Each structure stands twice: as structure tokens, then as C-alpha cells.
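One structure is given below, encoded as C-alpha cells.
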């Protein structure tokens with residue numbers, strides 16, 4: 001007896017025990033509804049998806065070709081369509097996650113309207129989006145299983161026992177659309193207590209992996225903009241510990257913390273670190289400060305002075321009351337940040353870079369892995385990079401170093417479409433194509449994500465539709481490039497009523513009212529044109 005048969009038998013007993021009052025309840029329908037709602041709470045999801053990530057991390061340690069990927073989503077529907085597409089094209093969601101970007105929450109989900117990525121949006125909008133995404137992913141499960149149950153009923157009614165057995169096997173082996181979310185908690189939206197409280201909300205909504213950065217909360221900037229300000233390690237580690245406490249309190253013992261360093265592009269700090277003795281973590285942080293030697297004089301009222309190796313040093317302080325680091329120390333600070341994070345509770349690292357360059361990333365990861373051999377990165381394949389220009393310039397520089405003739409190319413103008421069909425452009429595209437694979441093997445990148453892809457795809461597709469529909473193409477602008485493409489490519493959303501849950505509702509109506517059910521999916525439903 002299968003699990004489903006066993007569960008149905010138990011439900012029959014429960015129904016029969018009600019002395020006829022529940023006889024209209026079909027136990028098989030109840031079991032179907034249970035299978036369509038596998039996850040009862042966000043914590044169920046967080047525990048389930050944390051296990052997926054831990055297994056994937058172990059698989060990557062054994063074989064770095066087994067890296068993972070995700071695309072950023074700013075709405076539950078976007079996340080849902082990603083996973084439906086992944087299952088359609090690849091048959092499995094294995095090693096595919098969803099990224100929740102604080103940038104997109106700020107830009108698209110704040111009640112204040114579009115905001116820059118500076119932690120000004122409502123902190124509650126982040127757990128709300130996590131919950132929304134999982135609501136849509138669970139609905140994708142319910143929809144897919146609902147269609148299988150309809151096929152099963154049709155096979156049974158036709159007496160096709162073999163086909164019915166095949167469909168039942170597909171139902172029994174159904175793979176959920178629910179996948180891990182790596183969720184952006186920015187710099188914690190406040191102090192360590194605020195970080196802990198928000199982390200709990202995000203975990204309760206279903207997040208198994210939280211990404212936190214080492215910037216100052218009230219000075220937070222997008223990782224690819226100027227003006228970034230970091231905090232001393234102890235301040236950051238207090239927030240890392242706060243997140244771990246939140247995971248453990250809620251029973252998600254294998255929750256994942258991603259520690260992000262913005263030090264490569266951050267030249268400022270808000271405070272001088274506390275140091276107990278030479279060489280401790282605070283002293284190492286302060287050693288990067290840009291200072292003037294005032295041992296022999298030159299001090300004045302209001303100066304902040306630190307002592308080091310018998311000298312008196314004055315850290316350079318800006319009118320903003322921020323202190324600056326010595327130029328050229330970013331990579332060294334990143335390495336220290338990452339090693340410190342891994343030794344104090346981080347599971348994964350994130351190094352924010354200014355360009356996608358495998359050797360630049362690898363040069364830091366090689367140093368980190370000397371201290372922590374299995375250090376792994378989450379890497380932002382950011383739309384803030386001009387990928388075409390960056391890789392064409394990388395190829396240009398490599399060719400020039402190798403003595404190849406590059407006189408046909410203007411390095412500053414390599415973005416021009418005049419170069420699109422050239423050997424240099426073709427090699428650059430080949431490097432872009434293999435970037436994730438190459439970086440996974442060479443630079444320890446376990447997870448590749450694109451933070452803002454669906455922000456850009458929404459804008460691009462809307463621009464294309466608007467130019468055609470409001471132009472000479474009129475309705476053909478929609479039919480040719482949207483609806484016909486959906487039909488030809490088998491995009492499920494062409495049946496938008498089905499995607500929105502109309503057929504699920506009809507199933508429930510039949511469960512609840514039997515022959516009296518007034519269904520939406522009758523012969524006059526125009527969705528029949530897409531069968």
C-alpha cells in the first residue's frame with residue numbers, strides 16, 4: 001500500500017467515525033489537497049531548503065563543477081515563472097535557487113515609491129516578499145498537481161489502467177517548485193537587536209539563507225556605488241551572531257549565513273576599532289587607516305590620535321566625520337574580512353567587486369583558502385557591470401600582452417556594434433558564456449546570481465511591446481511578439497486563467513458542491529482556444 005493509499009484509508013476511518021455527518025467528504029480529494037499544500041509554514045520551507053543548500057555545498061566541495069545559480073525576483077509571480085521555466089526546460093530545479101535583492105525591494109516594492117539601495121525602504125517589505133514568493137511557488141505546485149489529478153481522473157474514466165499508473169507514478173515523484181531563497185538583509189537595518197528581529201521575520205517567512213554586508217546601516221550604499229562606509233569587525237560579527245541565534249531559536253539549525261564584504265570599493269569607516277592589544281582584530285582594522293605621523297608635533301585641539309609602535313598617528317578625518325583607509329588596501333581588507341567572517345560563523349562569502357574578472361576574484365580567494373580551505377563564494381554577476389565592454393577589454397589586453405596585432409581595435413570604443421562580428425568580440429562572448437563555470441573552478445564560487453535581471457527584462461519587454469503596439473504594428477505588435485511566441489514556445493502563462501488558479505478553483509467547487517458546482521472552465525471559456 002502506497003503512502004497515499006494509507007493516508008486515504010486513515011481519512012476514510014476519520015470520516016466514517018462522524019456517523020454520516022461527513023459522508024460528502026471524499027478522502028481522496030482531501031489527500032490531493034494535502035499533497036498540493038505540502039508546506040504548512042515558512043519554517044517548514046526554511047528547514048527543507050536549508051537541507052538542499054547544505055547538500056549542494058557538500059557536492060560543490062567534492063566537485064566544483066556542481067555550482068549553483070539564481071536569478072533575482074521582485075515579485076512572487078516572477079519567481080514562480082522562473083521555476084516553472086526551469087522545470088520545463090531542464091526537468092528539475094536541482095541547483096537552481098532564487099535571489100531576493102534589497103536593491104529591487106527598494107526600487108520596486110516600497111510604499112515610498114522607487115528608492116535607491118540605501119536601506120530606506122520598509123524593513124518589513126523584505127519578509128513580506130519572501131512570503132509572497134513562497135505563496136506563488138506553492139501555488140505552482142498546486143496547479144501542476146491539479147492538472148495531473150485531472151489527467152488521472154480522465155484515464156480512470158477511460159479505463160486506461162496503464163496510463164493511470166504512469167500518471168500516479170508522476171504524482172508520487174512530483175518535484176516541488178519550492179527552492180532555496182538567498183535573501184538580502186542589507187546591513188541589518190539597525191543594530192544587532194534590529195538585525196536579530198528582522199532575521200526572525202525573514203526565517204519565519206521561509207528564508208534559509210540570509211546575506212548581510214559589512215557596511216554601516218545608516219550610511220548603506222549599493223555595492224556598486226561610491227561612498228561606502230564599513231564597520232569594524234566586532235560590530236559586524238555581533239550581527240552575524242544575532243542571525244545565528246535567530247536561526248537556532250526557530251529550529252533551523254543548518255540555516256546559512258552569507259557574509260558580504262564591500263571593502264574592495266569602500267574607502268571609509270565611521271569609527272576607529274577598539275583594540276585591546278597589538279595585533280588583535282581591532283588593531284588589524286586600524287592598521288589600514290590613512291594616518292599622518294604627529295609624533296614630533298603638529299597636533300591640534302580636536303584631533304583624534306592613536307598610538308602604534310611608539311608613534312603617534314592622526315587618522316585622516318573628513319568633514320563628514322568619517323575616517324579614510326589608505327588607498328590600495330581594499331583587497332587586503334577583503335581577505336581579512338572573509339577569513340574573520342568564516343572563523344566566526346559565516347557559511348558562505350560574498351566579495352563585491354567592480355568588474356567580473358576571474359583572476360581578480362581568485363587572487364583573493366587563494367589567500368582566503370590558505371586559512372580556510374573550503375571557503376566558498378556567492379558572487380554577484382551584476383547588471384551594474386558592462387559585461388560586453390569588460391570582456392572585450394580583457395581579451396584586448398590579453399592579446400596585446402601576447403604580442404598579437406590589436407591595431408584594428410579601439411580599446412575605449414569596444415562596446416561599438418561595429419565590433420560585434422570580429423574575432424575579438426567572439427572570444428569575449430565565449431569567455432562570458434563560460435565565466436560561471438571558469439570562476440566556479442578557479443575562484444571558489446559556489447553560487448552565481450544575477451541581482452537585478454528581471455528588473456531589466458521587465459523594462460526591455462515593455463519597451464519592445466510599447467514601441468510596436470502604439471506604433472504601426474498595432475495589435476500585431478502584441479500578437480506576433482507576445483501571444484504567438486508564448487504559444488509556439490509552450491509558455492504556460494498563455495493560459496493565464498489557469499495560471500491564476502481558475503482550474504484549481506473549479507476542482508474545489510466540485511469537491512465542495514458536487515454536480516451543483518458552477519464552474520468557470522466550461523465550453524464558453526475562451527481559454528479553450530489554447531488547448
Requested in this report: Using label points projected 7 Å from each Cα along Cα→Cβ, tell me how many nm separate residue 169 and residue 62, to one decimal.
Outcome: 2.6 nm
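What fraction of the DSSP beta bridges in the chain is antiparallel, stated in percent and rounded to the nearest 5?
Bridges in the chain are about 25 percent antiparallel.
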Report task. Quick one: check the C-alpha center-to-center distance for segment 280-328 versus segment 77-117, whole angstrom. Result -> 44 Å
Query raised in the report: Which whole-number percent gives the relative contact order of the chain, counting Cα pairs below 8 Å spaced six or more residues apart?
Result: 15 percent
Report summary line: Tilt, helix 358-371 to longest principal axis of the chain (alpha-carbon atoms), in degrees rounded to tens, equals 80 degrees
Query raised in the report: At residue 354 and residue 512, where each label point lies 7 Å from the Cα along Cα→Cβ, what is the point-to-point distance in nanometres?
Result: 6.0 nm
Query raised in the report: What is the fewest-to-most order of 530, 288 by other Cβ atoms lying within 10 Å of their Cβ?
Result: 530, 288
Query raised in the report: When the helix-only estimate is applied to the chain (DSSP H runs of n ≥ 4, each -39,500 (n - 2.57), divided by the residue count), what is the mean residue ellipticity at 222 nm, nearest 500 deg cm²/dmol?
Result: -15000 deg cm²/dmol
Requested in this report: Based on the mean of other Cβ atoms within 10 Å per residue, sort peptides 486-493, 470-477, 37-44 so the most packed one is first.
Outcome: 37-44, 486-493, 470-477
Query raised in the report: Taking neighbour Cβ counts within 10 Å as the exposure measure, how do 74, 103 sort from fewest upward?
Result: 74, 103
**Report entry** Full-stretch length increase - residue 160, residue 405 - with 0.36 nm per residue and alpha-carbon distance subtracted
**Finding:** 81.3 nm
Query raised in the report: Any idea what angle helix 192-205 forms with the longest principal axis of the chain, computed on alpha-carbon atoms, 0 to 90 degrees, nearest 10?
Result: 20 degrees
Requested in this report: For a quick protection proxy, order the peptides 371-379, 166-174, 345-353 by their average other-Cβ count within 10 Å, most packed first.
Outcome: 345-353, 371-379, 166-174
Query raised in the report: What is the spin-label model distance, in nm, from residue 128 to residue 318 if the labels are put 7 Å beyond Cα along the C-beta direction?
Result: 3.3 nm
Requested in this report: Report which label in [x] 1.16; [y] 1.12; [z] 0.95 holds the value of Cα Rg over 2.2 N^0.38 Å derived from the coordinates of this structure.
Outcome: [x]
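Could you order the peptides 256-262, 338-344, 511-517 from most to least packed, using the average number of other C-beta atoms within 10 Å per residue?
My ranking of the peptides, most packed first, is 256-262, 338-344, 511-517.
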Query raised in the report: Taking only C-alpha pairs under 8 Å that are 6+ residues apart, what is the relative contact order of segment 202-341 in percent?
Result: 25 percent
Query raised in the report: By how many degrees, 0 to 90 and rounded to 10, does the Cα axis of helix 125-157 deviate from the longest principal axis of the chain?
Result: 30 degrees
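Laboratory data are not the source of any read-out in this text; all were calculated from the coordinates shown. Here the structure is a predicted model, which is why all the values come from computation and not from measurement. No Cβ is skipped: glycine too gets one built from the backbone with ideal geometry, and neighbour counts run over all protein chains shown.
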